[in-house]
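Remarks on the structure that follows.
The values are calculated or read from the model by the stated rules, or taken from the named source; none is laboratory data. What you are looking at is a predicted structure, and each value in this text was computed from that prediction instead of being measured. Methodologically, a virtual Cβ is constructed for each residue, glycine included, from the backbone with ideal geometry; neighbour enumeration extends over all protein chains shown.
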Amino acid sequence: MIELPAPDASPAQPSGSDAPESGGPLAPESGAAAPALTWAGRRLYRRGVPHQILSGALHYFRVHPDLWRDRIRRLADLGLNTVDTYIAWNFHQPREDAAPRFDGWHDLERFIGLAGEEGLDVIVRPGPYICAEWSNGGLPSWLTGRDVAVRSSDPAFAGPAGRWFDELVPRLAALQAAHGGPIVAVQVENEFGSYGDDHAYLRWNRDALTSRGITELLFTADGPTELMLDGGTLPGTLTAVTLGSKPEAARELLAARRPEEPFVVAEFWNGWFDHWGERHHVRGVDSAVRTLEGIVADGGSVSLYMAHGGTNFGLWAGANEHDGRLQPTVTSYDSDAPIAEDGTLTDKFHAMRKVLGASGPLRVPERLPVLPPARVPLTPRAGLLPGLRAVPAPTVHGPRPASFERLGLEAGMVLHTAHPRIPAGEHRLVLSDVRDRALVFADGTFLGVAGDGRPELTVRGTGAIVRLEVLVESLGRINYGPGVGRHKGLLGPVLIDRRMVQGWDSTPIALQEWTDADLTRATATAAPALAPGGFAVATVHVETPADTFLALPDSGRGLVWVNGFLLGRHWAIGPQVTLYCPAPLLRAGANTVTVLELERAGDVLELRERPELGPAEEYVEEFS
């Protein structure tokens, strides 16, 4: 669909390199309702009335569904009139052989309906690529594991994406403003101009939306540079930008390229995300407010990214890559947003509320109740390898280790086992391509860690056959740039000196899919005194469920479950110290916390009253 001008306005005409292929904006098909949002003369209109989109990003997949309404109300209290959300394909369909899920936590329609009930418009960003610091940028690994050109007009990509849209888009279409729903705008792809220049794919993406019933305003979103706008914009479709600073320069650039279109910032980065091993990124209140003021001046529209970040529960956190080094994203997605990870209203919230013109009493409390602090003993239950082996999983045998993709594994671990004969003496054990981290054992003895730029270990042989085990862990799939879709696992040959080890059994460990029964199996045996790590359990007694923040002060690195729900990853390198545990995950009485430790097993679990996200540094992302 191509957007209509406001009533009684002259048609909007993109110009220059963005001129439409033929003519100006077109009317909707006969009988179709006009879109709620239209534009003309550099102004945005809603049902013919001048309008500013004052939006905030809030991702349903990063917030417990019992808290959706609370977080939506906090956005409204901030002074926003719109909520926007990405839609993560792999969250809904992690396996190709199963239909996409739209129930429970996956009930996108319920989330959109709640926003409408609270009086907010909704913008949806269905991708299929979303970035979002989310595993694989939202693309399912069963698709990117093939020989396919992702985010392109390659039929091997567009075919499955089209089938996903067959399931998704009619659900969105039924919730559009034209049908009495809250959806007023839909994004075409996502920041494509920072990735490629396949305009046939962009046109396919737009047509895939309109042919399945989308009639509301469509827009693209890209960084404010000529290169990115050249690659990511479409004639006749509103151009929005994403930025962290310098809105005046972005406004001038868009005015030169699209002189009739309103200034819309689809993402204003008022905070930033964190990587493991780095510092906690913050954005000062004064800096964020000044940029926000510059965006909304003269009728500009904005979406705060993030307004409320939420949490990368489970193993859904993505990763970046810099100079060949993986940068995995932490479990928290607090993003120094005005509404903190646990819903707390921050100083940034109150300062932005003034800029957005909100006044009057708040409908929500400044902070939700929290449990009192406590220290709970961690009881060892099972060694690492015995515990993992106790959970049944299909094993694949082959001459080389099987990748995550071959095993149909989105995230988690793979245990590779081979039985080479190793001559007497010390030998080099080379794991030539580990993605991302491997714990290596010989006859149950821990040899060390491979990965992180350390491909070589030492193994001592006696001339006998050795049980060689390599436990490979994915630290997060890359979500941005040309590395999206990169495979995971033990991808290169394993060598003893120069001789390749062949004949491997590869067993997937789908931690994100483990059930209560699987956790019971894994923790059922007594813990042997073998390093590293293993399984441990703590019992937390609660009178009335409330939020809490879990810390493992003496532990090294691993995963934490609460009552069978995989909360996320902990890692002593920080910056994140505590894991946010929302109240709906707890119950009155006894609660079981299970820890899978991979490095250094501690003996205590702490419940803290406040989050600890690590030593901070000021960060503002800029385009040059």
Looking at the range 558-580, which of the residues that are part of a loop (DSSP other than H, G, I, E, B) and of a type outside the set (Ser, Thr, Tyr) is nearest to GLY310 (Cα to Cα)?
GLN576
Of everything in the range 46-63 that's under 19 Å from ALA177 (Cβ atoms) and β-branched (Val, Ile, Thr), which residue is surrounded by the fewest Cβ atoms within 10 Å (Cβ to Cβ)?
VAL49
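Does PHE273 qualify as being on the phi < 0 side of the Ramachandran plot, within 18 Å of the chain's Cα centre (by Cα) and free of Cβ contacts under 8 Å to residues at least 40 places away in the same chain? Can you show your working first?
Values: on the phi < 0 side of the Ramachandran plot: yes; within 18 Å of the chain's Cα centre (by Cα): yes; free of Cβ contacts under 8 Å to residues at least 40 places away in the same chain: no.
No.
Only one residue in VAL150, VAL169 is within 30 Å of ALA34 (Cα to Cα) and either among the aliphatic types (A, V, I, L, M) or in contact with a Lys or Arg (Cβ under 7 Å, 6 or more places away or on another chain) (or both), so which one is that? Lay out the reasoning, then the answer.
Details: VAL150 fails: within 30 Å of ALA34 (Cα to Cα).
Every option except VAL169 fails the conditions.
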Tell me, please, whether a residue that is at pLDDT 50 or above, assigned by TED's automatic domain parsing to the domain that holds GLY294 and polar (S, T, N, Q) can be found in the range 38-52.
yes
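For VAL620, are the conditions met, namely being in contact (Cβ under 8 Å) with a residue 12 or more places away in the chain, under 21 Å from LEU315 (Cβ atoms) and under 25 Å from the mean Cα position of the chain (by Cα)?
Details: in contact (Cβ under 8 Å) with a residue 12 or more places away in the chain: yes; under 21 Å from LEU315 (Cβ atoms): no; under 25 Å from the mean Cα position of the chain (by Cα): yes.
Answer is no for this residue.
So for the range 495-503 (the condition being within 21 Å of the chain's Cα centre (by Cα) and either farther than 28 Å from ALA464 by Cα or touching a residue at least 24 places away in the same chain (Cβ under 8 Å) (or both)), does at least one residue qualify?
Within the range 495-503, the first condition is being within 21 Å of the chain's Cα centre (by Cα), and the residues that meet it are none.
No; the residues of the range 495-503 include none that is within 21 Å of the chain's Cα centre (by Cα) and either farther than 28 Å from ALA464 by Cα or touching a residue at least 24 places away in the same chain (Cβ under 8 Å) (or both).
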Filtered residue count, the range 603-619, keeping only those that are surrounded by fewer than 18 Cβ atoms within 10 Å (Cβ to Cβ) and not in a strand (DSSP E or B):
5
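Return yes when GLY451 is closer than 26 Å to ARG325 by Cβ, surrounded by 17 or more Cβ atoms within 10 Å (Cβ to Cβ), in the same structural domain as LEU407 (by TED's automatic domain parsing) and touching a helix residue (DSSP H, G or I) at 6+ places or on another chain (Cβ under 8 Å) and no when it is not. Let's see the steps before the verdict.
Details: closer than 26 Å to ARG325 by Cβ: yes; surrounded by 17 or more Cβ atoms within 10 Å (Cβ to Cβ): yes; in the same structural domain as LEU407 (by TED's automatic domain parsing): yes; touching a helix residue (DSSP H, G or I) at 6+ places or on another chain (Cβ under 8 Å): no.
Taking the combined requirement at face value, the residue does not satisfy it.
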In the range 263-296, anything farther than 25 Å from ASN312 by Cβ, among the aliphatic types (A, V, I, L, M) and in contact with a Ser or Thr (Cβ under 9 Å, 6 or more places away or on another chain) is listed as VAL264, ILE295
For the range 306-340, what are the residues that are in a loop (DSSP other than H, G, I, E, B) and more than 14 Å from the chain's Cα centre (by Cα)?
ASP323, GLY324, ASP336, ALA337, PRO338, ALA340
Enumerated strands (runs of 3 or more DSSP E) restricted to the range 348-427, each holding at least 1 residues that are closer than 24 Å to GLU597 by Cα and not hydroxyl-bearing (Ser, Thr, Tyr)
374-377, 379-382, 413-418
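So which residues in the range 581-601 are in a loop (DSSP other than H, G, I, E, B) and surrounded by fewer than 19 Cβ atoms within 10 Å (Cβ to Cβ)?
Going through the range 581-601, the residues in a loop (DSSP other than H, G, I, E, B) turn out to be 582, 586-588, 598-601.
Correct list: ARG587, ALA588, GLU599, ARG600.
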For the range 323-382, which residues satisfy the criterion of being at pLDDT 95 or above, over 28 Å from TYR60 (Cβ atoms) and surrounded by 19 or more Cβ atoms within 10 Å (Cβ to Cβ)?
LEU378
Scanning the range 390-423 residue by residue, those within 13 Å of GLY145 (Cβ to Cβ) and hydroxyl-bearing (Ser, Thr, Tyr) turn out to be SER403
Taking the range 588-606 and keeping only residues that are touching a residue at least 60 places away in the same chain (Cβ under 8 Å) and more than 26 Å from the chain's Cα centre (by Cα), one is left with ARG600, ALA601, GLY602, ASP603, VAL604, LEU605, GLU606
Counting only strands (runs of 3 or more DSSP E) wholly inside the range 45-130, the ones holding at least 3 residues that are not hydrophobic (A, V, I, L, M, F, W, C) are 82-86
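What about PRO545, is it under 18 Å from VAL391 (Cα atoms) and not assigned by TED's automatic domain parsing to the domain that holds THR331?
Working: under 18 Å from VAL391 (Cα atoms): no; not assigned by TED's automatic domain parsing to the domain that holds THR331: yes.
For PRO545, the condition - under 18 Å from VAL391 (Cα atoms) and not assigned by TED's automatic domain parsing to the domain that holds THR331 - is not met.
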Just to check your reading of the model, which residue among PRO140, PRO126 is within 21 Å of ALA266 (Cα to Cα), at pLDDT 95 or above and assigned by TED's automatic domain parsing to the domain that holds GLY309?
PRO126
